Amino acid sequence: MTTPEEYAEYFAVEAALQSRGYTRVNFDMNRIKRLLELLGDPQKSFRAVHVTGTNGKTSMARLTESLLRAHGLRTGRFTSPHLDEARERISVDGEPISPERFTAVYQEVAPLASMVDEEFDEPLTYFEVVTALGFAAFADAPVDVAVVEVGVGGETDATNVLGAEVAMIGPIGLDHTRWLGETLTDIATMKAGIIHKGATLVTAIQDPDAMIPLVERCHAVGASLVAQGRKFDVLERSLAVGGQSLTLQGPSGAVYEGVYLPLHGAFQGQNAAMALAATELILGSGEAKTLDGDVVAEGFADATSPGRLERLRSAPTILVDAAHNELGMKATAAAITEEFAFSRLIGLVAMSGDKDVRGMLEALLPVCDYLVVSQSSVERAMPTATLARLAREVFEPEQVIAEPHLADAIERAVALAEEGEAAYGGAGILITGSVYTAGDARKLLNR
């Protein structure tokens, strides 16, 4: 059990990491390569599945890790950003490493990070150092295989030192255009950079403009291509209590029936199909291997994805979802329509200023009766007044309420959900707009 003193040390480490600039990015990979070289290249000590895409990366990573763990492998999982604490980004055997372990690994890495800072014009970023912590923790564990989520893009992301044997690319849409390019082709080209020589690409169904760069990259580096809809897919899907029931076909040709997934939304069914394909390939060492259906069912039944249509409260129902772009918000709205029968739905949104805010608001318009707009704690959050103005251009002005503080916004949303006939049941609240909004709301509601 972690002592107060150990937690104090851990929080000091979090502060030291934050001082590097939580959202600062730099796509020069020489710094992370140098740091890992000084650490003895820990990323070379385990097999890896590398995950990118515009939406669903964290869920795909969590599902794949759960399935691999069910098959007896010792697993590492690296995801970002975190919802509550930095150590959530680094998990071993399905659990975040302890505060004291996070601190110990940081104390090993920090002196070497300072050396690298001195060697380059710009210091290591928050994400680069945490990436090194994750790889060092996985090597020390040691893990058999790590499932690693890309931070931004792919080719120039700090995680792309892996040269992973399986690359997973979820649906590609327009996001992070400031860094990745203005077109689907540009973005897909950047994400295709995680496909390395001799690897296997597992890809979701893509827009043709996104698919072409993936195919070209596979040809260029001699990688195999395993595409949803041709090699694997969701054959059947039905709603179930607390989630859904799936029939999945893996790239081996094997069909897995009656697989219960305790997650909501058709997009999570697609993520499960991706995870199954990657697991067949890892366990078959590059060749798709038919798996034991009972073990597959166990792995998916144990899967979790916090902050992804996660129910935190009842009466009224409060759902938290980390959708942060138009494509993700459309998927969330579709899941709400299909799987929940709310008599009234209150949307509570706080969004980052560098996103397609109007597109996300338009996706919510068909499902939300009222919209409470607020602001998350992240530096690049859109000011409440600006978001309220944009929301009133999409919704009727009387449907939009502004509350700058998220705690007050939650109280206001609950009051709206409990007004009139909705007070007798059937009302819901959806808190969404960014991963940071989901994380802030979870902290408030879990407290």
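The values are calculated or read from the model by the stated rules, or taken from the named source; none is laboratory data. Here the structure is a predicted model, which is why all the values come from computation and not from measurement. Using ideal geometry, Cβ is built from the backbone for each residue, glycine included, and neighbour counts are taken over all protein chains shown.
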ALA48: passes all of (1) surrounded by fewer than 18 Cβ atoms within 10 Å (Cβ to Cβ); (2) modelled with pLDDT of 95 or more but (1)
Quick one: would you say LEU35 is farther than 30 Å from ALA273 by Cβ, surrounded by 23 or more Cβ atoms within 10 Å (Cβ to Cβ) and of a type outside the set (Gly, Ala, Ser)? yes
Where the second residue is in a helix (DSSP H, G or I) and crowded, with 22+ Cβ neighbours inside 10 Å and the first is not assigned by TED's automatic domain parsing to the domain that holds TYR22 and lies in region 115-140, which pairs have Cβ atoms under 8 Å and are six or more apart or on separate chains? none
Can you tell me which residues in region 122-136 are surrounded by fewer than 24 Cβ atoms within 10 Å (Cβ to Cβ), of a type in the set (Phe, Trp, Tyr) and over 14 Å from TYR22 (Cβ atoms)? none
Of these, GLY253, GLY269, which one is of a type outside the set (D, E, K, R), assigned by TED's automatic domain parsing to the domain that holds PRO96 and part of a loop (DSSP other than H, G, I, E, B)? GLY253
Among the residues that make up region 232-245, is at least one of them under 21 Å from the mean Cα position of the chain (by Cα), crowded, with 24+ Cβ neighbours inside 10 Å and either outside any helix (DSSP H, G or I) or in the same structural domain as HIS71 (by TED's automatic domain parsing) (or both)? yes
Among the residues of region 246-266 satisfying the criterion of being more than 25 Å from the chain's Cα centre (by Cα) and surrounded by fewer than 16 Cβ atoms within 10 Å (Cβ to Cβ), which is farthest from ALA301 (Cα to Cα)? GLY253
Per-region count, region 47-72, residues under 22 Å from the mean Cα position of the chain (by Cα) and part of a loop (DSSP other than H, G, I, E, B): 4
Note on LEU416: of the conditions (1) buried (at least 18 other Cβ atoms within 10 Å of the Cβ); (2) in contact with a Phe, Trp or Tyr (Cβ under 8 Å, 6 or more places away or on another chain); (3) without any contact (Cβ under 8 Å) to a residue 60 or more places away in the chain, unmet is (3)
In region 207-231, which residues are surrounded by fewer than 20 Cβ atoms within 10 Å (Cβ to Cβ) and under 25 Å from ILE336 (Cβ atoms)? ASP207
Matching option when the condition is in contact with a His (Cβ under 6 Å, 6 or more places away or on another chain), crowded, with 19+ Cβ neighbours inside 10 Å and either of a type outside the set (Phe, Trp, Tyr) or at pLDDT 95 or above (or both), among ILE194, ILE187, ILE172: ILE194
Surrounded by fewer than 18 Cβ atoms within 10 Å (Cβ to Cβ) and modelled with pLDDT of 95 or more - does that describe any residue in region 421-438? no
Looking at region 332-354, which of the residues that are surrounded by fewer than 22 Cβ atoms within 10 Å (Cβ to Cβ) and aliphatic (A, V, I, L, M) is farthest from VAL241 (Cα to Cα)? ALA334
Just to be sure, is LEU291 assigned to a loop (DSSP other than H, G, I, E, B), buried (at least 21 other Cβ atoms within 10 Å of the Cβ) and either within 19 Å of the chain's Cα centre (by Cα) or among the hydrophobic types (A, V, I, L, M, F, W, C) (or both)? yes
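Suppose the filter is touching a Gly at 6+ places or on another chain (Cβ under 9 Å), part of a helix (DSSP H, G or I) and surrounded by fewer than 24 Cβ atoms within 10 Å (Cβ to Cβ); does ALA104 pass it? Spell out how you get there, then give the answer.
Details: touching a Gly at 6+ places or on another chain (Cβ under 9 Å): no; part of a helix (DSSP H, G or I): yes; surrounded by fewer than 24 Cβ atoms within 10 Å (Cβ to Cβ): yes.
Criteria not met by ALA104.
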Do we have any residue at all in region 317-326 that's more than 25 Å from ASN446 (Cβ to Cβ), at pLDDT below 95 and surrounded by fewer than 24 Cβ atoms within 10 Å (Cβ to Cβ)? yes
